[in-house]
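Structure, as structure tokens:
The values are calculated or read from the model by the stated rules, or taken from the named source; none is laboratory data. The model shown is predicted, which means the values in this text are computed figures rather than measured ones. Virtual Cβ from ideal backbone geometry, glycine too; neighbours counted across all protein chains shown. All accessible areas refer to the heavy atoms of the entire protein, side chains included, with ligands and DNA or RNA removed. Shrake-Rupley method; radii C 1.70, N 1.55, O 1.52, S 1.80 Å.
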Amino acid sequence: MSVLETKSAGEQYVKSVYETVKKRNPNEPEFHQAVKEILESLTPVFDKHPQYMEEGILERIVEPERQLMFRVPWTDDAGRVHVNRGFRFEFNSAIGPYKGGLRFHPSVNASIIKFLGFEQIFKNSLTGQPIGGGKGGSDFDPKGKSDREVMRFCQSFMTELAKHIGPDTDVPAGDIGVGGREIGYMFGQYKRLQNAFHAGVLTGKAVGYGGSLARTEATGYGTVYFVQEMLQDNGDSFEGKTVVVSGSGNVAIYAIQKATELGAKVVACSDSNGYIYDKNGIDLDTVKRLKEVERKRISDYVNEHPEADYFEGCENIWLIPCDIALPCATQNEINESSAKILVTNGVKAVGEGANMPSTLEAINVFLENGVLFGPAKAANAGGVAVSALEMAQNSARISWSFEEVDAKLHQIMVNIYKNSKQASEEYGCPGNLVVGSNIAGFLKVADAMIAQGLV
Ligand code: NDP
């Protein structure tokens with residue numbers, strides 16, 4: 001009997017779609033990685049419900065509905081011309097307008113945007129909000145640029161992007177390198193081009209012109225709420241725990257804040273140059289000022305806190321013993337050997353604030369060693385969930401209080417945990433939230449795709 005014959009129909013189906021993805025999208029390793037993780041965990045669904053195979057759901061869902069790549073010319077303060085590449089991949093609109101962030105970072109390419117856009121379909125579905133999946137960005141690096149340079153870039157980027165987005169079509173938000181400043185410049189340009197104030201075209205806006213309270217905090221807070229739920233369900237809590245957080249951007253800062261509020265001590269955080277270790281617990285006010293206001297490096301922290309240490313390079317942050325690890329920087333920042341070290345040092349829970357921060361091998365190490373593992377698409381879904389709440393407020397032309405939005409966010413994260421756990425049990429992998437969150441996110445989108453016919 002051949003190896004193929006021993007596989008179930010679901011396994012064969014998943015394998016054949018994955019092979020086609022690799023062939024059709026060569027040299028896109030991050031996209032392949034995300035597709036592999038999701039497709040493999042969906043196998044039990046196809047064995048139980050062959051209808052999804054007959055409807056060709058996987059073949060359709062791995063192919064973006066639309067892929068945009070465009071030239072973004074801009075001039076620096078000295079008048080020199082630069083050209084960057086812009087992307088927007090509109091992946092799936094079965095349950096709502098495309099929704100997902102824009103990333104500005106020199107590493108951005110089609111593979112990165114595709115992996116993020118693909119993951120976004122399932123994450124957005126999991127939130128229970130009516131939003132489809134998309135992602136975009138550019139290989140532009142905002143670091144070291146003046147405000148005026150960033151503004152000119154954003155205006156040029158939006159001049160093309162505006163033709164393809166809209167409050168009921170595609171609603172971008174922030175991601176790495178895109179915060180309130182960049183969203184503001186892009187919103188201004190969109191408004192100018194449309195001659196209309198469509199508040200709902202971008203989320204992550206400042207509160208004064210249509211932003212939602214608690215959107216800035218949402219991804220970091222949401223990640224901690226998710227981990228809190230995992231811990232509580234296993235008779236544990238953040239109280240008295242030692243926590244390591246990677247990154248020192250939007251997600252990391254508010255994860256540190258909420259974990260500290262819940263009684264944990266966060267002893268380390270990082271940026272793309274290195275990490276700091278403060279045995280007394282990170283002083284968040286210093287980090288916030290350095291990163292959000294002064295746009296400085298994390299190494300500057302030790303100038304103000306000589307008791308802390310700075311280490312060049314970011315991988316070794318996972319050598320620091322901790323009870324809870326919250327990777328909140330970027331993709332593939334925890335590999336197999338870092339995962340093994342975390343396990344040896346006694347890590348109890350890992351919550352992914354960043355997108356795909358753990359490699360497939362690292363995830364297996366966590367699962368095999370009984371670490372409570374909150375995968376990105378569940379654990380960091382709070383950001384996009386509050387973006388959807390921002391859209392709802394924009395549509396209704398009202399603003400909810402911080403407490404109202406925070407309470408809704410908390411409830412959404414609890415629901416995501418419960419639904420993921422329930423799906424993991426229903427499909428034979430109890431407690432495996434990777435499988436559970438993928439299946440729970442998939443089913444709603446797949447059913448909507450079937451209901452809407454072959455589109
Ligand atoms: P920010 O740009 O605010 O912060 C990113 C942080 O990660 C910075 O400290 C940055 O350091 C560090 N970083 C970036 N690239 C690398 C790298 N290659 N190696 C090491 N460190 C790096 O981004 P966010 O906080 O918004 O995003 C962080 C992660 O969370 C991303 O994976 C993003 O996709 C994900 N996410 C964000 C959401 C949001 O609402 N913002 C929602 C859901 C997920 P430096 O300053 O040196 O660049």
Would you check which residues across the stretch 147-157 are within 16 Å of the ligand (Cβ to nearest atom) and touching a strand residue (DSSP E or B) at 6+ places or on another chain (Cβ under 8 Å) and list them?
PHE153
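Looking at the stretch 128-138, which of its residues are within 11 Å of the ligand (Cβ to nearest atom) and either open to solvent by 10 Å² or more (accessible area, probe 1.4 Å) or under 13 Å from the mean Cα position of the chain (by Cα) (or both)?
At the first step, the residues of the stretch 128-138 found to be within 11 Å of the ligand (Cβ to nearest atom) are 135, 137.
LYS135 - this is the single residue of the stretch 128-138 that is within 11 Å of the ligand (Cβ to nearest atom) and either open to solvent by 10 Å² or more (accessible area, probe 1.4 Å) or under 13 Å from the mean Cα position of the chain (by Cα) (or both).
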Residue that is nearest to PHE402 (Cα to Cα) [pool: residues in the stretch 363-392 that are away from the ligand (no atom under 15 Å from the Cβ) and in a helix (DSSP H, G or I)]:
ALA392
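Residues of the stretch 323-339 being more than 10 Å from the ligand (Cβ to nearest atom) and open to solvent by less than 30 Å² (accessible area, probe 1.4 Å), which ones?
Kept after step one, since they are more than 10 Å from the ligand (Cβ to nearest atom), are these residues of the stretch 323-339: 323-326, 334-339.
Once the filter is applied, which keeps residues that are more than 10 Å from the ligand (Cβ to nearest atom) and open to solvent by less than 30 Å² (accessible area, probe 1.4 Å), the stretch 323-339 yields ILE324, ALA325, LEU326, ILE334, SER338, ALA339.
Could you identify the single residue in SER246, SER270 that is assigned by TED's automatic domain parsing to the domain that holds VAL293, within 13 Å of the ligand (Cβ to nearest atom), out of contact with any Asp or Glu (no Cβ under 7 Å at 6 or more places or on another chain) and open to solvent by less than 10 Å² (accessible area, probe 1.4 Å)? Write out each step before concluding.
Details: SER246 fails: out of contact with any Asp or Glu (no Cβ under 7 Å at 6 or more places or on another chain).
Step by step, each of SER246, SER270 is checked, and only SER270 is assigned by TED's automatic domain parsing to the domain that holds VAL293, within 13 Å of the ligand (Cβ to nearest atom), out of contact with any Asp or Glu (no Cβ under 7 Å at 6 or more places or on another chain) and open to solvent by less than 10 Å² (accessible area, probe 1.4 Å).
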Do we find that ALA339 is under 17 Å from ALA255 (Cα atoms) and part of a helix (DSSP H, G or I) in this structure?
no
Condition set over 24 Å from the mean Cα position of the chain (by Cα) and of a type in the set (Gly, Ala, Ser), scope the stretch 144-169, selection surrounded by the fewest Cβ atoms within 10 Å (Cβ to Cβ): answer is GLY144
Is the stretch 158-169 home to any residue that is touching a Lys or Arg at 6+ places or on another chain (Cβ under 7 Å) and within 13 Å of the ligand (Cβ to nearest atom)?
no
Conditions: (1) more than 20 Å from LEU42 (Cα to Cα); (2) more than 13 Å from the ligand (Cβ to nearest atom); (3) under 17 Å from the mean Cα position of the chain (by Cα). ALA78 meets all but one. Number of the miss?
(3)
Would you pick out the residues in the stretch 82-102 that are within 14 Å of the ligand (Cβ to nearest atom) and out of contact with any helix residue (DSSP H, G or I) (no Cβ under 7 Å at 6 or more places or on another chain)?
GLY101, LEU102
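Could you grab me the full set of residues in the stretch 126-175 that are of a type in the set (Gly, Ala, Ser) and either under 27 Å from VAL405 (Cβ atoms) or without any contact (Cβ under 8 Å) to a residue 12 or more places away in the chain (or both)? So that I can check it myself, show each step before the final result.
Kept after step one, since they are of a type in the set (Gly, Ala, Ser), are these residues of the stretch 126-175: 128, 132-134, 136-138, 144, 146, 156, 162, 166, 173-174.
Selection gives GLY128, GLY132, GLY133, GLY134, GLY136, GLY137, GLY144, GLY166, ALA173, GLY174.
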For the stretch 399-455, which positions are of a type in the set (Gly, Ala, Ser), under 21 Å from the mean Cα position of the chain (by Cα) and in a loop (DSSP other than H, G, I, E, B)?
none
For ASP141, which of the numbered conditions (1) crowded, with 18+ Cβ neighbours inside 10 Å; (2) over 19 Å from SER387 (Cα atoms); (3) within 16 Å of the ligand (Cβ to nearest atom) fails to hold?
(1)
Looking at ILE253, ILE320, ILE298, ILE276, which is the one that is in the same structural domain as ALA362 (by TED's automatic domain parsing) and more than 12 Å from the ligand (Cβ to nearest atom)?
ILE320
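Within the stretch 170-188, take every residue that is open to solvent by 20 Å² or more (accessible area, probe 1.4 Å) and over 18 Å from GLY249 (Cβ atoms) and give me the one that is nearest to the ligand (Cβ to nearest atom).
Initial filter on the stretch 170-188 (open to solvent by 20 Å² or more (accessible area, probe 1.4 Å)): 174-177, 179-181, 184-185, 188.
Subset that is over 18 Å from GLY249 (Cβ atoms): 185, 188.
Working: TYR185: 16, GLY188: 20 Å.
Out of the qualifying residues, it is TYR185.
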Which residues, counting only those in the stretch 123-163, are in a helix (DSSP H, G or I), under 21 Å from VAL201 (Cα atoms) and out of contact with any Leu (no Cβ under 9 Å at 6 or more places or on another chain)?
LYS123, ASN124, VAL150, MET151, ARG152, PHE153, CYS154, GLN155, SER156
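Is it the case that THR216 is under 30 Å from GLU312 (Cβ atoms), open to solvent by 40 Å² or more (accessible area, probe 1.4 Å) and modelled with pLDDT of 95 or more? Walk me through how you get there before you give the answer.
Details: under 30 Å from GLU312 (Cβ atoms): yes; open to solvent by 40 Å² or more (accessible area, probe 1.4 Å): yes; modelled with pLDDT of 95 or more: yes.
Criteria met by THR216.
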